[in-house]
Amino acid sequence: MIERTPVLNIFTYLVMITGVIGMALPIYLVVVTASLPVERIGQTPPAFLPGGELFANLATAFERSGFADQFMNSLTMAVTIVIGKIVLSTMTAFAITYFRFPLKGLVFWAIFVTLMLPLEVRIVPTYAVAANALEPFQQILDGLYISDAIAAVTSIRVKLEWNLLDSFTGLTLPLMATATGTFLYRQFFLSIPNELADAAKVDGAGAFRFFVDIAWPLSRTTTAALAIIMFISGWNQYLWPLLITTDPHMHTVVMGLSQLLPGADQRPEWNIAMAGALIVMLPPVLVVFAMHKLFIKGLMGGGAH
């Protein structure tokens, strides 16, 4: 049992207050900057109280950036990524936990090691695959001279090509695999009592029935926690959409936000840029507020209770 003393309580509250101030102060400064007229940006001393131009700056940022279409693109991208990650990670974790197959441990650790490989490290090969997802199969056909044989018989040259550029498939499909989700679900499935699986087997439930009726419903809070994390990650994606899309109609809100940043030869309207930042961060904040209880339970491993 941890001893509670006045000194320890005061120190604990000081640490908590310092942490809250450290996280909230940048957001407060963004709100203040977004509410100021452009004439007050860069003044000395800097403004620490909000102005009266917040809604006007928000409207200007929304109009200049083209957020109307980009919001739908980002929402579609984030939701699709969340669904794909949950489906793939649950199926993978369930198979690793309950099925027996050769090299099962090696498969899990191969997936787990990919946590050390962020998207920025594998961006070039991922882009190469997205440019033509069927290129490996084309190389197999060419290497085995199958394409040459088909061309000799039919005079038709087999050329496999599936271009994912400038498409929602290209925006979402390469980002659906998640080692984090697989690890979280595996740890949760390991916490389910073996007696529950044995009872389901005695009742005649197969693996799919056990997954749908028992394992998946029990993982509700884990799913909520993972969904929130992956939604925020998908919403905030910038590098991959910037690389995979050239059509302005496929741009996301984060890409639109970068258009609000003042250039070297432009008037430094940081109030408009900060207003755009407030618009972009609103959906993730709403998701966290709406699901924060499930999020906390999921991180604490409360799904099995």
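The values are calculated or read from the model by the stated rules, or taken from the named source; none is laboratory data. Given the structure is predicted, the values throughout are model-derived calculations rather than measurements. Reconstructed Cβ throughout: ideal geometry from the backbone, glycine too, with neighbour counts over all protein chains shown.
Remarks
- The sole residue among Glu63, Glu53 that is surrounded by fewer than 16 Cβ atoms within 10 Å (Cβ to Cβ) and over 27 Å from Ala227 (Cα atoms) is Glu63.
- Exactly one residue out of Thr97, Thr90 is surrounded by 12 or more Cβ atoms within 10 Å (Cβ to Cβ), more than 24 Å from Ser167 (Cα to Cα), at pLDDT 90 or above and not basic (Lys, Arg), and it is Thr90.
- Cβ pairs under 7 Å, 6+ apart, first in the range 58-78 and of a type in the set (A, V, I, L, M), second surrounded by fewer than 19 Cβ atoms within 10 Å (Cβ to Cβ): Met77/Phe168
- Take the conditions (1) out of contact with any helix residue (DSSP H, G or I) (no Cβ under 7 Å at 6 or more places or on another chain); (2) in contact (Cβ under 8 Å) with a residue 60 or more places away in the chain; Leu226 misses just one of them, which is (1).
- Qualifying residue in the range 247-266 (condition: touching a Phe, Trp or Tyr at 6+ places or on another chain (Cβ under 9 Å), within 30 Å of Gln138 (Cα to Cα) and surrounded by 15 or more Cβ atoms within 10 Å (Cβ to Cβ)): yes
- Of all positions in the range 25-41, none carries a residue that is at pLDDT 90 or above, surrounded by 11 or more Cβ atoms within 10 Å (Cβ to Cβ), under 23 Å from Leu239 (Cα atoms) and out of contact with any helix residue (DSSP H, G or I) (no Cβ under 9 Å at 6 or more places or on another chain).
Rundown of residues vs (1) of a type in the set (A, V, I, L, M, F, W, C); (2) assigned to a helix (DSSP H, G or I), yes/no style:
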position: Asp198; (1), (2): no, yes
position: Ala205; (1), (2): yes, no
position: Arg209; (1), (2): no, yes
position: Asp213; (1), (2): no, yes
position: Thr222; (1), (2): no, yes
position: Leu226; (1), (2): yes, yes
position: Phe231; (1), (2): yes, yes
position: Gln237; (1), (2): no, no
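- Residue ranges of helices (runs of 4 or more DSSP H) in the range 117-192 with at least 1 members under 30 Å from Ala224 (Cβ atoms): 123-131, 168-172, 179-191
- Residue within the range 171-184 that is under 21 Å from Ile232 (Cα atoms) and out of contact with any helix residue (DSSP H, G or I) (no Cβ under 7 Å at 6 or more places or on another chain) present: yes
- Of all the listed residues (Pro217, Pro248, Pro241), the sole one being of a type outside the set (A, V, I, L, M, F, W, C), within 24 Å of the chain's Cα centre (by Cα) and closer than 30 Å to Thr97 by Cβ is Pro217.
Conditions (1) over 26 Å from the mean Cα position of the chain (by Cα); (2) over 22 Å from Val285 (Cβ atoms); (3) part of a helix (DSSP H, G or I), marked per residue:
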site	(1), (2), (3)
Tyr13	yes, yes, yes
Met16	yes, no, yes
Gly22	no, no, yes
Gln43	yes, yes, no
Leu49	yes, yes, no
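- Hey, Ala128 farther than 21 Å from Gly276 by Cα, surrounded by fewer than 18 Cβ atoms within 10 Å (Cβ to Cβ) and within 24 Å of the chain's Cα centre (by Cα) or not: yes
- Any hit, the range 220-232, residues being within 26 Å of Met255 (Cα to Cα) and surrounded by fewer than 21 Cβ atoms within 10 Å (Cβ to Cβ): yes
- Residue check, Pro284 under 18 Å from the mean Cα position of the chain (by Cα) and modelled with pLDDT of 80 or more: yes
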